[in-house]
Amino acid sequence: MNKFNPERRRLLQGIGASAAFAAVPGTALAAKGKKPVGRVVVIGAGFGGATAAKYLRKWSHGAIEVVLIERQKEFISCPTSNEVLAGHRKFETTVHSYYNLKKHWGIKVVTASVTDVDTEKRVVKTDKAGDFSYDRLVLSPGFDFNYDSIAGYDEKARETVLHAWKAGPQTLALRKQLEDLPDGGTYVLSIPKAPYRCPPGPYERASLIASYFKEHKPKSKVLVLDANDKIISKEKLFLSVWEKDYKEIIEYRPKWNVVALDAASRTVTSELGEKVTGDVLNILPQQRAADIARKIGVVNVNDRWAEVNWITLESTAVPKVHVLGDTLSAAPLMPKSGHMANQHGKAVAAAIVEIFSGREPQPTLMANTCYSMVDGKRAIHVDSVHRYHPEKKVPLVVEGSGGVSKEASVEEGIYTRAWATTIWKDVLG
Amino acid sequence: MKIRTIPLTLALLASSAGLAQASGLPQTPPPYFAANCANCHGTDGKSTAAIPGIAGKDKDWLEEVLKAYKQGTRPATIMHQLAKGYTDEEIAILADYFSRQK
C-alpha cells in the first residue's frame, strides 16, 4: 500500500523516478507522424510563454501540439536592457530569433495579436492569423501600464516621457535622450509602488546610468523618486555601491509617489504636492496584468493580477487557462522576474504533460536568481528557492535558502552576462 | 474514505499507462525540477558559458559538491544559498539526472 502514499507518489512523479528515466535528446520528438494528443496555445513568447512552449514539446516528446502566438517578430530581452541604456551593451545583443522554437522544437510560432478568446468554445482569435482552438491555453502576456495612475501621462506626453520598462524601441529612445543630455543635466527615474516587473531593475538602472554619467558626464545627476518606503531589493548592497561610487551623482528619495507630470516643463508632482523638474524624465507608472488577461477574465486579485492554483498554475477563474509570469498574483517573496517566469513556464509544461498523460500533476520546486550590474563590470545578486506548502497551497521560500551577494564583484558581473546568454538559450534554443 | 480512494487511484494509474503508451507521451515522467538548474547551467545542464555546464559530470562528485554547498563547506557566490533549498534526496536525484545527460 506504500505505493499509494501521496508523498511516495509525489517523489515518483514530480521529483523522482530518475533512475528509470533515460535521457531523451531534445531533437528526438518521438511522436512525429502520430496524431497529437492535444493542442496547447500559448499567448506571449517572452521568458514565460516561450519556455512553456519549448518544455511542453520537450517533455511530451512532441506528442503535444504547441501554437505560440506573439505580436513581436523577435524576442527582446528586458534583462540586460539597462546595460544598453548605459552604453555597456549593444541593443542587437538583446534581440533573439524564434527560429529554433520552430525548427528545433516543432512549435508553430504565429506573429499576430490576440484580439479575443472564447473560453467556452476554447478558441483564440487573432488579428491577422485566424483562429486557433485549444485543449489548454497558456497565458503569459506580461503586464500593461496603468497610465491613469499619473495625471498628464497622456499619449502626447508619452512621446517624450519614456518608461523603457518593456525593452524595445523605448530602450533605444531613452539611450538617445541620455546621449543628448548635456553634462550637468538631471535624469529623473520614478519607481511605482510594488509589485512591478523586476524589483531590483530600477536600482540597477540608476546605478548603470550613474556609471555612464561618471565616465562621460560627471556633472550630471540621477534623481530617483521611489514610491516605496525604501529600496525594495538588495537594499544594503545598492546603498553601499551608491555611497562608495556614486555619492555625488545619485540622489535617492523614498516615499516619493509621482501622481502627475507635465511633459512640456518636464515637471513631476508627488502625492504631497512636491515638485521636481528634470532634463530627462523616465517615469514608470503603476503596473497590472496585461489587458488581454483582463479581457479573458482571469484577473481576479484587486482587479490587477491573476490568481492561480499553484500546482498547475491554472486560473482560479477560468478553467483550462494556465497563467504565468508577470500577469500572476505572485506568491509571497516571489518576484516578477524573467527568471521566475521561466520557472513558471516549466511548472505549467510539467502540469500539462501530466494531465495529458492521465496522471495527477504534482507540485514542483521553483527557484529565482536576479543579478544586477552596478557598473560596467561588477554585479550583485538575490536568489531564493520556493517550495509548495500543502496546507497554505502556495509556494513559500524554503527556510534558510536564498540570500544576496556579500558585495559587488567582477566575478558576479561575469556570471550576470553568462546568466543572460544561458537563459536566452534555455527559453529559445 | 481511504478504502474508496485506492481503486480510483488504481484506475487512474491503469488508464494513464495506456494513454501515455498510445500517444507517444513518456510513460515515466522526468524529474521536472531538474529544469530549475537550466536557467544558469543550460537546458539539461549543457552550457559552455562562464557558469559551468553540469551535464555528464560524475554523479558522486555532483552529489558531494551540492551537499558541500548546502552545508556551507564549499565556497560559492550563489550555490551555497540555492543548495539549501533542496533535500538530500532531491540532491541525489539531481546528481543522477545530470550525470546521465550527454
Helix A:201-216 versus the longest principal axis of chain A: what angle, 0 to 90°, nearest 10, using Cα atoms? 40
So what is Rg over Rh here for the protein assembly as shown, counting just Cα atoms and using Kirkwood for Rh? 0.98
As a test of the formula, what do you get for chain A when each DSSP H run with n ≥ 4 contributes -39,500 (n - 2.57) and the sum is divided by the residue count, at 222 nm and rounded to the nearest 500 deg cm²/dmol? -8000 deg cm²/dmol
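Ranked from highest to lowest mean number of other Cβ atoms within 10 Å per residue, what is the order of the peptides A:419-429, B:59-69? Please list the in-between numbers first.
Working: A:419-429: 22.3, B:59-69: 16.8.
Ranked from most to least packed, the peptides come out as A:419-429, B:59-69.
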Mind checking the mean number of beta-carbon atoms from other chains within 10 Å of the Cβ atoms in A:389-402? 2
Return the FRET efficiency for the residue pair A:K219, A:K128: r is the Cβ-Cβ distance, R0 is 56 Å, and the value is rounded to the nearest 0.05. 0.70
Ranked highest first by average number of other Cβ atoms within 10 Å, how do A:43-50, B:72-79, A:329-336, A:369-376 line up? A:43-50, A:369-376, A:329-336, B:72-79
On average, how many beta carbons from a partner chain sit within 10 Å of the beta carbon of a residue in A:57-64? 4
Taking the chain alone as reference and the full protein assembly as comparison, with a 1.4 Å probe on protein heavy atoms only, the residues of the range B:38-74 that lose at least 40 Å² of accessible area are B:N39, B:C40, B:T43, B:A50, B:I51
Which whole number in µm²/s is D for the range A:326-416 by Stokes-Einstein, with the Kirkwood Rh taken over Cα pairs at 37 °C and 0.692 mPa s? 224
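Taking all pairs of different Cα atoms in the range A:28-110, averaging 1/r and flipping that mean, what Kirkwood radius in angstroms comes out?
Result for the range A:28-110 stands at 13.7 Å.
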Label the range A:240-324 by shape, choosing from rounded, prolate and oblate, from the square roots a ≥ b ≥ c of the eigenvalues of the Cα gyration tensor; if a/c is under 1.5 it is rounded, and otherwise prolate applies when a/b is larger than b/c, oblate when it is not. prolate
Residues meeting the amide H criterion for A:L68 (H placed from the backbone, H to H distance under 5 Å, 5 or more places apart or on another chain) are A:V42, A:K108, A:V109, A:V110
Within the range A:160-176, which residues have the backbone N less than 14 Å from the label spot 7 Å out from A:V95 along Cα→beta-carbon, could you tell me? A:167-173
Å³ per residue of the Cα convex hull, for the range A:386-429? 94
Computed over chain A: relative contact order in percent, which uses C-alpha pairs under 8 Å that are six or more apart: 18
Which value, in Å² rounded to 10, gives the accessible area of A:R387 with a 1.4 Å probe and all protein chains present? 60
What's the average, rounded to a whole number, of partner chain beta-carbon atoms within 10 Å of each residue's beta-carbon in A:350-362? 5
With a 1.4 Å probe, what is the total accessible area buried between chains B and A, in Å² rounded to the nearest 100? 4700
For the modelled label position 7 Å from the Cα of A:K35 along Cα-to-Cβ, which residues of the range A:54-81 have backbone nitrogen atoms closer than 16 Å? A:63-65
Checking the a/c ratio against 1.5 first, then a/b against b/c, what shape does the Cα gyration tensor give for the range B:26-99? oblate
Built amide H within the under 5 Å cut-off of A:L396, gap 5+: A:R387, A:Y388, A:H389
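Any idea of the accessible area per residue across the protein assembly as shown, 1.4 Å probe, to the nearest Å²?
Per-residue value: 42 Å².
The values are calculated or read from the model by the stated rules, or taken from the named source; none is laboratory data. Quick caveat: nothing in here was measured; it's all calculated off a predicted structure. Backbone-built Cβ (ideal geometry, glycine too); neighbour counts: all protein chains shown. The protein model used for the area step is the full one, side chains on, heavy atoms only, and it has no ligands, DNA or RNA in it. Shrake-Rupley method; radii C 1.70, N 1.55, O 1.52, S 1.80 Å.
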